[in-house]
Amino acid sequence: MSTVQPVHPTNKVKLAVFWLYVMVPLAWGVYNTLAQAMKLFQ
């Protein structure tokens, strides 16, 4: 009979740092894109 070994729990601090590393530049890019687009409609 095969037993599945549980995967090691994810380090929540590393996961949070990773998402910040991804989301901060993404949010900055979206903000700048929207700010530049608003100039076109004024």
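None of the figures in this text is laboratory data; all of them are computed from the coordinates on show. Note that the coordinates shown come from a computational prediction; the quantities given were computed from them, not determined experimentally.
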(request) Mind pulling the angle between the C-alpha long axis of helix 12-40 and the longest principal axis of the chain? Nearest 10 degrees, somewhere in 0 to 90. (result) 20
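Based on the Kirkwood radius over alpha-carbon pairs, what is the Stokes-Einstein translational diffusion coefficient of the chain at 4 °C with 1.567 mPa s viscosity, in µm²/s?
This corresponds to a translational diffusion coefficient of 95 µm²/s.
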(request) Kindly provide the helix-only [θ] at 222 nm of the chain, computed as the sum of -39,500 (n - 2.57) over DSSP H runs of four or more divided by all residues, to the nearest 500 deg cm²/dmol? (result) -25000 deg cm²/dmol
